[in-house]
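Report on one structure; see the data block that follows.
The values are calculated or read from the model by the stated rules, or taken from the named source; none is laboratory data. Treat the numbers as computed from the prediction; the structure is a model and nothing was measured. FYI the Cβ positions are ideal-geometry reconstructions off the backbone, even for glycines, and counts take in every protein chain you see. Remember, those area values only see protein heavy atoms, side chains included, never the ligands or the DNA or RNA. Shrake-Rupley method; radii C 1.70, N 1.55, O 1.52, S 1.80 Å.
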Amino acid sequence: MKCNYNILLLGLIMQCSLAITVSAQSYLTLKSENDKYSMMSDTVSINLGGRDRLVITGKTLADYVKVGAAFDAIKTAFINDYNQAISNAAIDKEAQHIYYFVLNEQQRRLKVESTSFSNYGIDIGYEKYRMLYDLPKYHIAWYYLATDVQMHFYFDNPDSILPKMSLFSIEQAMAKMNEEQKRFNKITHFKIQITPTGFQYTPQLQRRFIEIEANPSFGITIIGNTFSPITELNLMGCFNNKYNNQVIRAGISLAGGAFYDQTPDLSNQRFFIAYDLKTMFNLNRNNRGNPYWVGFNIGTFRAPEIAAIHKGMKFGLLYDGPGLVNYGVEFMNHQSDGNKDQSIYMLNIRFPF
């Protein structure tokens, strides 16, 4: 029996080695595509006629609906502040970049960026964004600081700024968008067109998919008061949300370890195998970096040479944060030699390859 468990452990280590490539390739692919964007948000694009456009970003579609009335209040305050600044010659009507910061009804600030490149230089990222989406050069940005929502207006002609802002209600546009509320968990970009009869919208659905990951690890497990090195291979199905970020992991794991008697040459080895079903949830699902995984596992031990834990059933809690180490606390309940149930507590510390 001892020989069979040695073979199983050798096979487990070989599987871990083969799985490193699969795990690393999957991680690098996701990181290279999404590393630039940490916080995930939905985008609403409202066509104001011609190339003129309003782009809302920073939060989710549901958040935009909740503060729709505040958007109209900000618009009214901006129109008043903008007109007053023009009348007082505080800003140039031809200014290409205007910023409006709003914390609440009383605390708001209007700023204008100089048209001189000598002071501010060229924002290459912004120019690339404009060319990619064919956006006009006159840009007005509203920052609703109370909610971290940003509203960006783009106009071809500064004379059309106030007429087109007064043309529609942002709150009503958000209410129209809310007709698709049941599908918000699938939509990342919402396009709205202003028409003579109201609003027409086009939601862009994001495909969600499942990834398969093989993640090897090694570490230490403490069973009662006994330490053991352990190697583990997890085969997990990963369910993504609409932002292509993993939110749930579920799958199986195979772990192997050995106890060594306190002999000078550590010659007396007793091996064990553990099988588990695992489910984990990402508590930081709306952020591409620093995932916080918590979950639970149920499983069993197989250790014919160690009667105290052989065929023991176990249940545990799992934590896998942004660092290199993940932890698990387990409780094992079993019967020893036909006697009453006994309990053993276990602590696992693992390092992924």
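Residues in segment 223-251 that are within 17 Å of ALA303 (Cα to Cα) and open to solvent by less than 40 Å² (accessible area, probe 1.4 Å): ILE223, SER228, ILE230, THR231, GLU232.
Selection of segment 332-350 for residues being open to solvent by 60 Å² or more (accessible area, probe 1.4 Å), modelled with pLDDT of 65 or more and not polar (S, T, N, Q) yields TYR345, LEU347. Filtered by the rule that a residue be closer than 24 Å to LYS93 by Cβ and open to solvent by 20 Å² or more (accessible area, probe 1.4 Å), segment 153-175 gives ASP156, ASN157, ASP159, SER160, LEU162, PRO163, LYS164, SER166, LEU167. The strands (runs of 3 or more DSSP E) found entirely in segment 183-241 that carry 2 or more residues being polar (S, T, N, Q) and within 24 Å of the chain's Cα centre (by Cα) are 210-223, 226-240.
Please indicate, with yes or no, whether at least one residue in segment 229-236 is of a type outside the set (Phe, Trp, Tyr) and under 18 Å from TYR292 (Cα atoms).
To start, the set of residues in segment 229-236 that are of a type outside the set (Phe, Trp, Tyr) comprises 229-236.
Imposing the further condition that a residue be under 18 Å from TYR292 (Cα atoms) reduces the set to 234, 236.
So far as segment 229-236 goes, yes, one or more of its residues are of a type outside the set (Phe, Trp, Tyr) and under 18 Å from TYR292 (Cα atoms).
Could you tell me whether segment 162-176 includes any residue that is touching a helix residue (DSSP H, G or I) at 6+ places or on another chain (Cβ under 9 Å) and farther than 30 Å from LYS111 by Cβ? Yes, because at least one residue in segment 162-176 is touching a helix residue (DSSP H, G or I) at 6+ places or on another chain (Cβ under 9 Å) and farther than 30 Å from LYS111 by Cβ.
To keep it simple, each residue is scored yes or no on (1) among the acidic types (Asp, Glu); (2) surrounded by 12 or more Cβ atoms within 10 Å (Cβ to Cβ); (3) modelled with pLDDT under 85.
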{"residue": "ASN83", "(1), (2), (3)": "no, no, no"}
{"residue": "LEU103", "(1), (2), (3)": "no, yes, no"}
{"residue": "LEU110", "(1), (2), (3)": "no, yes, no"}
{"residue": "THR115", "(1), (2), (3)": "no, yes, yes"}
{"residue": "TYR120", "(1), (2), (3)": "no, no, yes"}
{"residue": "LYS128", "(1), (2), (3)": "no, no, yes"}
{"residue": "LEU135", "(1), (2), (3)": "no, yes, no"}
{"residue": "TRP142", "(1), (2), (3)": "no, yes, no"}
{"residue": "ASP148", "(1), (2), (3)": "yes, yes, no"}
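Just one of (1) at pLDDT below 85; (2) touching a His at 6+ places or on another chain (Cβ under 6 Å) fails for HIS97. It is (1). If I filter segment 204-226 for residues that are in contact with a Gly (Cβ under 8 Å, 6 or more places away or on another chain) and under 30 Å from ALA308 (Cα atoms), do I get at least one hit? Looking through segment 204-226, at least one residue is in contact with a Gly (Cβ under 8 Å, 6 or more places away or on another chain) and under 30 Å from ALA308 (Cα atoms).
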